[in-house]
Amino acid sequence: VTESAEGAYMQIRRSGNCSYVKVLRKEIPAGITPRLVLNALQAEHHIIRRRGFLLHASFVPWNDRAILFTAPSGTGKSTQADLWRKLRNAEIINGDRVAVTLESSGITAWGIPYCGTSGICQNTQSPLTAIVYLSQAPDTSIYRLSGVRAFRHIWEGCSVNLWNEKD
């Protein structure tokens with residue numbers, strides 16, 4: 001059981017192939033409807049049908065192209081996106097989840113209407129130029145990942161919904 005800054009309590013329990021999420025709070029935030037929650041639960045099925053996947057990442061467009069920052073929770077995705085906003089006057093499209101699809105014109109990143117604690121979610125898209133995998137270290141460095149190593153870091157951030165085997 002975890003407590004968010006807003007005072008909500010969330011419990012995630014896994015039993016076999018099923019996961020159960022229980023959110024307990026005193027009041028439901030404005031705009032959160034049962035339809036919105038149910039649509040969010042099946043979002044990745046719609047994205048898969050469009051030849052895509054849902055990635056745990058922050059989305060910043062730069063020079064009309066998308067840069068995605070992905071990493072495990074708490075590593076600094078939102079912090080990195082906020083630095084681009086402050087230092088490069090970049091807009092943040094989504095602070096927590098991004099749809100990535102294969103289009104005839106190339107790979108596209110999409111803002112989705114669901115967001116994490118950042119509260120940032122805009123409905124727009126850009127051609128994808130980079131996925132940046134962040135990790136914390138005492139020294140700053142950057143290098144290109146490729147092959148299995150790159151795939152592993154992207155795969156760990158993918159949202160895979162196993163609760164509905166029909167789709």
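The table below lists the values:
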| read-out | value |
| --- | --- |
| Rounded FRET efficiency, nearest 0.05, which uses the C-beta distance separating residue 124 from residue 150 and R0 of 22 Å | 0.30 |
| Extension gain from residue 75 to residue 89, taking 0.36 nm per residue of separation minus the Cα-Cα distance | 2.8 nm |
| Anisotropy class of segment 46-94 from Cα gyration tensor, a/c 1.5 cut | oblate |
| Built amide H within the under 5 Å cut-off of residue 124, gap 5+ | 111 |
| Sequence-distant residues sharing a close amide H with residue 107 (under 5 Å, placed H) | 128 |
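Laboratory data are not the source of any read-out in this text; all were calculated from the coordinates shown. No experiment lies behind these values; they were computed from the predicted model shown. Cβ: placed from backbone, ideal geometry, glycine included. Neighbour counts: every protein chain shown.
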